[in-house]
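First comes the structure, then the notes that go with it.
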Amino acid sequence: EAQVTQNPRYLITVTGKKLTVTCSQNMNHEYMSWYRQDPGLGLRQIYYSMNVEVTDKGDVPEGYKVSRKEKRNFPLILESPSPNQTSLYFCASSPPFGPGSFGPGTRLTVL
Amino acid sequence: AQSVAQPEDQVNVAEGNPLTVKCTYSVSGNPYLFWYVQYPNRGLQFLLKYITGDNLVKGSYGFEAEFNKSQTSFHLKKPSALVSDSALYFCAVRPNSGYALNFGKGTSLLVTP
């Protein structure tokens with residue numbers, strides 16, 4: 001089944017404790033991206049990647065890191081999480097200029 | 001800069017009535033336009049897209065959208081709403097020269113029996 005998977009689905013952590021949210025897709029898509037969804041703000045893009053070893057900032061990259069060492073994986077790293085990063089995070093992948101396929105989401109709470 | 005506006009936070013419709021969820025965009029060049037739906041506690045699901053061609057595009061679950069270049073709009077429509085259509089709907093735009101996908105803030109659709 002073609003899909004985007006994210007782990008974990010739910011995470012509660014404390015300020016400053018490094019964490020990684022994994023994202024993997026099995027559709028051989030070049031393009032992958034991370035979004036955060038906050039009430040009243042819609043989805044805002046954090047980072048995106050056009051292919052292996054090619055990443056770029058989206059609209060709200062501060063406090064986040066990404067890497068793309070393999071085509072299928074695009075982890076999101078929070079080196080020192082803060083409460084304002086409490087949000088619902090989505091990973092997506094797509095072919096060039098095509099619609100995105102989204103993961104199920106990761107609900108992160110930073111205390 | 002590109003942007004997407006969904007002017008209504010919520011749309012209420014009675015079951016069986018037609019529905020429209022509005023979207024306007026601002027982007028240079030000819031955009032790629034998308035609609036997504038999000039059910040509670042779920043990820044986003046692709047509904048339909050406009051790339052080029054016929055201004056009326058048909059998508060999943062009986063939804064369609066009309067592209068209007070002069071009004072820079074891409075409104076989502078359905079002739080007869082179902083209670084199960086109640087969800088959060090997002091319009092998104094991608095310029096034909098780039099990869100970034102910009103979303104609107106979303107419109108909550110409530111269909112009442």
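The values are calculated or read from the model by the stated rules, or taken from the named source; none is laboratory data. What you see is a predicted model, and the numbers here were worked out from it, not measured in a lab. Positions of Cβ are generated from backbone atoms using ideal geometry, with glycine treated the same way; all protein chains shown enter the neighbour counts.
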Worksheet item: Here are some conditions: (1) within 15 Å of the chain's Cα centre (by Cα); (2) at pLDDT 95 or above; (3) among the small types (Gly, Ala, Ser). B:Gly104 meets all but one. Which one does it not meet?
Response: (2)
Discussion item. Can you find a residue that is free of Cβ contacts under 8 Å to residues at least 24 places away in the same chain, among the basic types (Lys, Arg) and closer than 30 Å to B:Ile51 by Cα anywhere in the stretch A:64-80?
Written reply: no
Fill in: Count - residues of the stretch B:1-46 that are in a strand (DSSP E or B), away from every other protein chain (no Cβ under 13 Å) and modelled with pLDDT of 95 or more
8
Fill in: Residue in the stretch A:7-20 that is more than 15 Å from the chain's Cα centre (by Cα) and surrounded by 15 or more Cβ atoms within 10 Å (Cβ to Cβ) present
yes
Response to the item:
Reported set for the stretch A:57-111 where residues are more than 11 Å from chain B (Cβ to nearest Cβ) and among the acidic types (Asp, Glu) is A:Glu62, A:Glu70, A:Glu79
Practice prompt. Grab the strands (runs of 3 or more DSSP E) fully contained in the stretch B:58-113, keeping just those with 2 or more residues being surrounded by fewer than 18 Cβ atoms within 10 Å (Cβ to Cβ).
Written response: B:64-68, B:73-78, B:107-112
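This table checks each residue for (1) over 18 Å from B:Tyr32 (Cα atoms); (2) in contact (Cβ under 8 Å) with a residue 40 or more places away in the chain; (3) under 10 Å from the mean Cα position of the chain (by Cα).
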| position | (1), (2), (3) |
| --- | --- |
| B:Asn68 | no, no, no |
| B:Leu76 | no, yes, yes |
| B:Asn96 | no, yes, no |
| B:Ser108 | yes, yes, no |
| B:Val111 | yes, yes, no |
Practice prompt. Could you identify the single residue in A:Val14, A:Val110, A:Val54 that is in contact with a Ser or Thr (Cβ under 6 Å, 6 or more places away or on another chain), among the β-branched types (Val, Ile, Thr) and farther than 20 Å from B:Lys105 by Cα?
Written response: A:Val110
